[in-house]
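**Student:** Below you will find the structure I want to go over with you.
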Amino acid sequence: MMGKQSVAYTEPPVITARASVAGKKEMEGPLGRLFDEIVEDPMAGQNTWEEAESTLQEKVVQHLLKKANVSAQDVRYILSGDLLGQLIASSFGLAKFQIPFFGLFGACSTMGEGMALGSMLVEGGCADRVIAITSSHFASAEKQFRFPLEYGNQRPLSATWTVTGSGGVMLEKAVGNNAGYSGKICIKGVTTGKIVDYGVKDSLNMGASMAPACAELLYANLTDFGVGADYYDRIFTGDLGYVGQRILIDLMKEKGVDISKVHSDCGMIIFDQDTQDTHAGGSGCGCAAVTLCAYILRQMEEGKYKRVLFVPTGALMSPVSFNEGRSIPGIAHGIVLERI
């Protein structure tokens, strides 16, 4: 245990496979050629948006099993969650694999939560191989949290666009102190976030609701590990977007830390703000997940980055809490990634 919120691993779990599946709009963005599979039909051949999202997760698991050259029976646990009520995208999408299942809800931070808990299971000797995965779908999220698509409401400039996509990683126990894993990425440690609520109630400004939790997480990570922001080649946050990034940088400066030179946000990477009508950027569980699996891990494998802090962020709201006028608490989880 490191400090009050972090863990450093003596035998870091290794990411042996990564996979991403995305929709047509995501394909048209800067990362389009990097995804493992593109699903151009927003219904993914299904009858409902929710079934379509389940299909995205199913496809990612199939890619992971093929890349890792293992069967579903070789995976000890699968950790997954999504934005839909009772995690129905995950449960319906993953049931066929018959892998012992942990259902998680961390909103858009779920990829970080899954990787953190999955790495603990592996490093702690409770599993030799696990999958961490999540997803989101623009239409299923809009249907649940905002307005029916048929309504055609005008979105404010602070709004982000929910990514249609799913990303997942295979985590395995390193054999022989990482021998034979040269060029692979391992999880060196994790920092678990706290629930932070600044009283933001605007569901069309996710960046403002999540940035405070992200700032608290970043400061906790740097404090627990006793390092500065320049310890990382890059700090990637989840889906704060253009609005949330400005807030995050200001909040960190108030804590005496300048992250402006090392910070990037997945919500700003996945779409082109000049050519795609996404306003403040991307969001949703799939935003950080597909950006991590298609872009960030690839950049690390190619040697561009040696050490990265991956911090997906989430807004812990529900349709019930929003309709009752409650504020939107935020959460963030930090994953320390290193190239072997």
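**Student:** Step by step: first the residues of segment 8-52, then only those that are within 19 Å of Cys266 (Cα to Cα) and without any contact (Cβ under 8 Å) to a residue 12 or more places away in the chain, then the one that is surrounded by the most Cβ atoms within 10 Å (Cβ to Cβ). Which residue is that?
**Tutor:** Gly32
**Student:** Determine which single condition Met252 fails, assuming it passes every other condition in (1) within 15 Å of the chain's Cα centre (by Cα); (2) crowded, with 20+ Cβ neighbours inside 10 Å.
**Tutor:** Met252 satisfies all of (1) within 15 Å of the chain's Cα centre (by Cα); (2) crowded, with 20+ Cβ neighbours inside 10 Å except (1).
A quick yes/no check of all residues on (1) crowded, with 17+ Cβ neighbours inside 10 Å; (2) at pLDDT 95 or above; (3) not β-branched (Val, Ile, Thr):
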| position | (1), (2), (3) |
| --- | --- |
| Ala95 | no, yes, yes |
| Ser109 | yes, yes, yes |
| Val122 | yes, yes, no |
| Val130 | yes, yes, no |
| Ser136 | yes, yes, yes |
| Glu142 | yes, no, yes |
| Gly165 | yes, yes, yes |
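**Student:** Then there is this: Filter segment 287-339 for residues that are in contact with a helix residue (DSSP H, G or I) (Cβ under 9 Å, 6 or more places away or on another chain), among the polar types (S, T, N, Q) and closer than 26 Å to Lys25 by Cβ; which is surrounded by the fewest Cβ atoms within 10 Å (Cβ to Cβ)?
**Tutor:** Ser318
**Student:** Could you grab me the full set of residues in segment 55-100 that are basic (Lys, Arg) and not in a helix (DSSP H, G or I)?
**Tutor:** Arg76
**Student:** Considering segment 256-286 alone, what residues qualify as being buried (at least 24 other Cβ atoms within 10 Å of the Cβ) and either among the aromatic types (Phe, Trp, Tyr) or out of contact with any strand residue (DSSP E or B) (no Cβ under 9 Å at 6 or more places or on another chain) (or both)?
**Tutor:** Phe271
**Student:** Across segment 186-216, what is the number of residues that are touching a helix residue (DSSP H, G or I) at 6+ places or on another chain (Cβ under 8 Å) and crowded, with 24+ Cβ neighbours inside 10 Å?
**Tutor:** 10
**Student:** Among Asp230, Asp239, Asp265, Asp250, which is modelled with pLDDT of 95 or more, closer than 22 Å to Glu113 by Cβ and of a type in the set (Asp, Glu)?
**Tutor:** Values: Asp230 fails: closer than 22 Å to Glu113 by Cβ; Asp239 fails: modelled with pLDDT of 95 or more; Asp250 fails: closer than 22 Å to Glu113 by Cβ.
Going through Asp230, Asp239, Asp265, Asp250 in turn, the sole match is Asp265.
**Student:** Output the number of residues of segment 184-234 satisfying the condition of being over 20 Å from the mean Cα position of the chain (by Cα), in a helix (DSSP H, G or I) and closer than 28 Å to Thr162 by Cβ.
**Tutor:** 0
**Student:** List every residue pair whose Cβ atoms lie under 8 Å apart, where the two residues are 6 or more positions apart in sequence or sit on different chains, the first residue falls within segment 307-318 and is more than 15 Å from Cys186 (Cα to Cα), and the second residue, located anywhere, is among the aromatic types (Phe, Trp, Tyr) and buried (at least 21 other Cβ atoms within 10 Å of the Cβ).
**Tutor:** Final answer for the pair search is Val311/Phe236.
**Student:** Could you list, in sequence order, all residues of segment 16-54 that are in a helix (DSSP H, G or I), over 19 Å from Thr278 (Cα atoms) and basic (Lys, Arg)?
**Tutor:** Arg33
The values are calculated or read from the model by the stated rules, or taken from the named source; none is laboratory data. Everything quoted here is computed from the prediction, not taken from an experiment. Here Cβ is always computed from backbone atoms with ideal geometry, including for glycine, and neighbour counts include all displayed protein chains.
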